[in-house]
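S.K.: I have a structure I would like to understand better, so I am pasting it below and will then ask my questions one at a time.
The values are calculated or read from the model by the stated rules, or taken from the named source; none is laboratory data. These numbers come from a predicted model, not from an experiment. Here the Cβ positions follow ideal geometry from the backbone for every residue, glycine too, while neighbour counts run over all protein chains shown. Heads up: the accessible areas ignore ligands, DNA and RNA and are worked out on the full protein's heavy atoms, side chains in. Shrake-Rupley method; radii C 1.70, N 1.55, O 1.52, S 1.80 Å.
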Amino acid sequence: MATLAEPAAECGMPDGLVQALVAAVGGKYVTTEPGEMGGRLDEDRGLYHGRALALVRPGSTEQVSQVIRACHAAGVPVVPQGGNTGLVGGGVPQGGVILSTERLNRIRAVDPLNATMTVEAGCILQSIQQEADRIDRLFPLSLASEGSCQIGGNLSTNAGGTAVMRYGNTRELVLGLEVVLPNGEILNDLNGLRKNNTGYDLRNLFIGAEGTLGVITAAVLKLFPRPVRRATALVACDGPETALALYDRLRGRNADTLSTFEYIERTALQMAIDHGPGCSDPLSEVHPAYALIELTSPDPEAQLDALLEASLTGAFEAEEIRDAVIAASEGQRNALWALREMLSEAQKPEGASIKHDVSVPVSKVAEFLVTASQACRAHMPTVRVCPFGHFGDGNIHFNLSRPADMGDAAFLEEYPAFNRIVHDIVAGLQGSISAEHGIGMVKRKELRRYKDPVALRLMETIKAALDPQGLMNPGKVL
């Protein structure tokens, strides 16, 4: 069994390291003042506040390599950081040097015929989507934070989003990578091949590794035909069982066009209505649960509204849904999507929340929602259960908001108890405690509890082989 190096202890800046960093990237792009590091020391939800010796912003892969070599020689940890929008503390420094990828923001190449785009790690996700749109293509990764998150962070966490059901996680959207390894060497595997059977799949070793095995500096992304027709609806149902039946119906009838099936329970939707700018309830009555559905097609002649309406008519007759609204304009479509995109942000004004990003087999989603909700309410009868998520790939954001009459601190003390309740149920259904957010700091202990021991030993062996000093993003994942 491999022995992992412990995270480096907090210490002062080694002699000569600042000079080496300045030599690598220029004095303008190195700071050692915590006040100049802005929000880079804090986790997005405020759960963690970090510390760092310096912030470095290299402008090229070669500069990243020079920074890593200097830190490696000095025995100083490196924390790669993109848009810092993660939800598990994966980008929070616990000492060492923050390596920001924000200046690695070039789109290096676009190949419409090969349907690929080569981008640097600091490119904002929304900018990549817009560039794909400009050449009449689609890059389908879509997240609530797409206006600020960077593709390098998406790659490092294997982000999911609302289109996974049709296009796959980030891992399925990548053909090649460029990575700076923990010793400063550059792995150049930027190929645009759909078939490449030449040994180990090194690409997938780094995707989802959260910067613990190296720094992703560039990637070759897959593009797809750009949808030109959409049909979007919000439907109301009695709960997860009927929603699952509706999903199965749509998958059977509309598999080639079904891009989105997002499940939302009323408590979560009500928070979006209450706190989302311009958000309102599109239906006249209150219902226990909802599904946001979207069909898309690159065929300008596709009659998607008629297809969706026919499927929903059958669902009404089968009593799978109680009400529905189909967007009749782009404005109505955007209003429906705004409700979904506000779900996470709308929880903040309601006080502290305990979040679970889990997945179970699609056939078990309804069972999980019913069982976990009952178990959490048995533990705390007034807790507000706010589940929502990507029904079609089994990924549920099982969030819990504090009771209205309970303080934030007291509620957050229940984090371990609620973790045990929810994660034990997930494990019993052969699910995963992390579907798309990663492990970071939040779930390290949980990973030890639920991950297969042989898989853990293999992960430790890989980490020790590539990063024997334990300098790459220490304290995360393992």
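S.K.: Are any of the residues in the stretch 383-395 in contact (Cβ under 8 Å) with a residue 24 or more places away in the chain, open to solvent by 20 Å² or more (accessible area, probe 1.4 Å), touching a strand residue (DSSP E or B) at 6+ places or on another chain (Cβ under 8 Å) and farther than 22 Å from Ala163 by Cβ?
M.R.: Yes, the stretch 383-395 contains a residue that is in contact (Cβ under 8 Å) with a residue 24 or more places away in the chain, open to solvent by 20 Å² or more (accessible area, probe 1.4 Å), touching a strand residue (DSSP E or B) at 6+ places or on another chain (Cβ under 8 Å) and farther than 22 Å from Ala163 by Cβ.
S.K.: For Gly252, all conditions in the list (1) at pLDDT below 95; (2) surrounded by 23 or more Cβ atoms within 10 Å (Cβ to Cβ) hold save one; what is the number of the exception?
M.R.: Tallying (1) at pLDDT below 95; (2) surrounded by 23 or more Cβ atoms within 10 Å (Cβ to Cβ), Gly252 fails exactly one: (2).
S.K.: Being in contact (Cβ under 8 Å) with a residue 40 or more places away in the chain and either aromatic (Phe, Trp, Tyr) or open to solvent by less than 10 Å² (accessible area, probe 1.4 Å) (or both) is the requirement here; does Thr232 meet it?
M.R.: For Thr232, the condition - in contact (Cβ under 8 Å) with a residue 40 or more places away in the chain and either aromatic (Phe, Trp, Tyr) or open to solvent by less than 10 Å² (accessible area, probe 1.4 Å) (or both) - is met.
S.K.: Moving on. Among the residues of the stretch 164-194, write down those that are more than 23 Å from the chain's Cα centre (by Cα), without any contact (Cβ under 8 Å) to a residue 40 or more places away in the chain and part of a loop (DSSP other than H, G, I, E, B).
M.R.: Asn191, Leu193, Arg194
S.K.: Every residue in the stretch 153-185 that is of a type in the set (Gly, Ala, Ser) and open to solvent by 10 Å² or more (accessible area, probe 1.4 Å), please.
M.R.: Those that are of a type in the set (Gly, Ala, Ser) and open to solvent by 10 Å² or more (accessible area, probe 1.4 Å): Gly153, Ser156, Ala163, Gly168.
S.K.: Inspect the stretch 195-207 for any residue being under 27 Å from Gly440 (Cα atoms), in contact (Cβ under 8 Å) with a residue 60 or more places away in the chain and under 24 Å from the mean Cα position of the chain (by Cα) and give the result as yes or no.
M.R.: yes
S.K.: Follow-up question, since we're still on this one. State whether one or more residues within the stretch 308-318 are in a strand (DSSP E or B) and either modelled with pLDDT of 95 or more or touching a His at 6+ places or on another chain (Cβ under 9 Å) (or both).
M.R.: Taking every residue of the stretch 308-318 in turn, none turns out to be in a strand (DSSP E or B) and either modelled with pLDDT of 95 or more or touching a His at 6+ places or on another chain (Cβ under 9 Å) (or both).
S.K.: For the condition open to solvent by less than 70 Å² (accessible area, probe 1.4 Å) and either free of Cβ contacts under 8 Å to residues at least 12 places away in the same chain or touching a strand residue (DSSP E or B) at 6+ places or on another chain (Cβ under 6 Å) (or both), what is the one hit in Ile321, Ile273?
M.R.: Testing whether each residue is open to solvent by less than 70 Å² (accessible area, probe 1.4 Å) and either free of Cβ contacts under 8 Å to residues at least 12 places away in the same chain or touching a strand residue (DSSP E or B) at 6+ places or on another chain (Cβ under 6 Å) (or both) leaves just Ile321.
S.K.: For the stretch 61-150, which strands (runs of 3 or more DSSP E) that fit wholly inside it have 1 or more residues that are more than 22 Å from Arg166 (Cα to Cα) and either of a type in the set (Phe, Trp, Tyr) or without any contact (Cβ under 8 Å) to a residue 40 or more places away in the chain (or both)?
M.R.: Fully inside the stretch 61-150 and qualifying: 107-111.
S.K.: Which of the residues spanning the stretch 212-248 are in a strand (DSSP E or B) and either acidic (Asp, Glu) or closer than 18 Å to Thr313 by Cα (or both)?
M.R.: Of everything in the stretch 212-248, those that are in a strand (DSSP E or B) and either acidic (Asp, Glu) or closer than 18 Å to Thr313 by Cα (or both) turn out to be Ala231, Thr232, Ala233, Leu234, Val235, Ala236, Cys237.
S.K.: With (1) in a loop (DSSP other than H, G, I, E, B); (2) surrounded by fewer than 14 Cβ atoms within 10 Å (Cβ to Cβ); (3) of a type outside the set (Ser, Thr, Tyr); (4) touching a residue at least 24 places away in the same chain (Cβ under 8 Å) as the list, and Ala328 as the residue in question, which single condition is left unmet?
M.R.: Evaluating Ala328 over (1) in a loop (DSSP other than H, G, I, E, B); (2) surrounded by fewer than 14 Cβ atoms within 10 Å (Cβ to Cβ); (3) of a type outside the set (Ser, Thr, Tyr); (4) touching a residue at least 24 places away in the same chain (Cβ under 8 Å) leaves (4) as the failure.
S.K.: Looking at the stretch 405-422 only, could you name the residues that are out of contact with any helix residue (DSSP H, G or I) (no Cβ under 8 Å at 6 or more places or on another chain), surrounded by fewer than 20 Cβ atoms within 10 Å (Cβ to Cβ) and not charged (D, E, K, R)?
M.R.: If the condition is that a residue be out of contact with any helix residue (DSSP H, G or I) (no Cβ under 8 Å at 6 or more places or on another chain), surrounded by fewer than 20 Cβ atoms within 10 Å (Cβ to Cβ) and not charged (D, E, K, R), then Met406, Gly407, Ala409, Ala410, Leu412, Tyr415, Pro416 are the ones that fit.
S.K.: Return the only residue of Ile425, Ile439 being in contact with a Leu (Cβ under 6 Å, 6 or more places away or on another chain) and either surrounded by fewer than 20 Cβ atoms within 10 Å (Cβ to Cβ) or hydrophobic (A, V, I, L, M, F, W, C) (or both).
M.R.: Ile439
S.K.: Would you mind telling me which numbered condition in (1) in contact with a strand residue (DSSP E or B) (Cβ under 8 Å, 6 or more places away or on another chain); (2) surrounded by 20 or more Cβ atoms within 10 Å (Cβ to Cβ); (3) closer than 20 Å to Leu269 by Cβ Gly431 fails?
M.R.: (3)
S.K.: Yes or no: the stretch 103-114 includes at least one residue that is open to solvent by less than 10 Å² (accessible area, probe 1.4 Å) and modelled with pLDDT of 95 or more.
M.R.: Yes, because at least one residue in the stretch 103-114 is open to solvent by less than 10 Å² (accessible area, probe 1.4 Å) and modelled with pLDDT of 95 or more.
S.K.: Among (1) in a helix (DSSP H, G or I); (2) open to solvent by 50 Å² or more (accessible area, probe 1.4 Å); (3) closer than 21 Å to Pro80 by Cα; (4) in contact with a strand residue (DSSP E or B) (Cβ under 9 Å, 6 or more places away or on another chain), there is one condition Asn204 misses while meeting the rest; what is its number?
M.R.: Single failed check for Asn204: (2).
S.K.: Still on this structure, please answer the following. May I ask you to list pairs of residues, at least six apart or on different chains, whose Cβ atoms are under 9 Å apart, with the first in the stretch 13-38 being more than 12 Å from Gln66 (Cα to Cα) and at pLDDT 90 or above and the second being of a type in the set (Ser, Thr, Tyr) and outside any loop (DSSP other than H, G, I, E, B)?
M.R.: Tyr29/Ser100
S.K.: May I ask you to list the residues in the stretch 281-302 that are hydrophobic (A, V, I, L, M, F, W, C), more than 15 Å from Ala335 (Cα to Cα) and assigned to a strand (DSSP E or B)?
M.R.: Residues satisfying the conditions are Ala289, Leu295.
S.K.: Here is a further query. For the stretch 255-270, which positions are of a type in the set (Val, Ile, Thr) and either open to solvent by 70 Å² or more (accessible area, probe 1.4 Å) or not in a strand (DSSP E or B) (or both)?
M.R.: Within the stretch 255-270, Thr257, Thr267 meet the criteria.
S.K.: What are the residues in the stretch 444-470 that are part of a loop (DSSP other than H, G, I, E, B) and open to solvent by 10 Å² or more (accessible area, probe 1.4 Å), if any?
M.R.: Within the stretch 444-470, Lys451, Asp452, Pro468, Gln469 meet the criteria.
S.K.: Testing Gln347 on (1) touching an Asp or Glu at 6+ places or on another chain (Cβ under 8 Å); (2) under 30 Å from Gly147 (Cβ atoms), one condition comes back false. Which one is that?
M.R.: (1)
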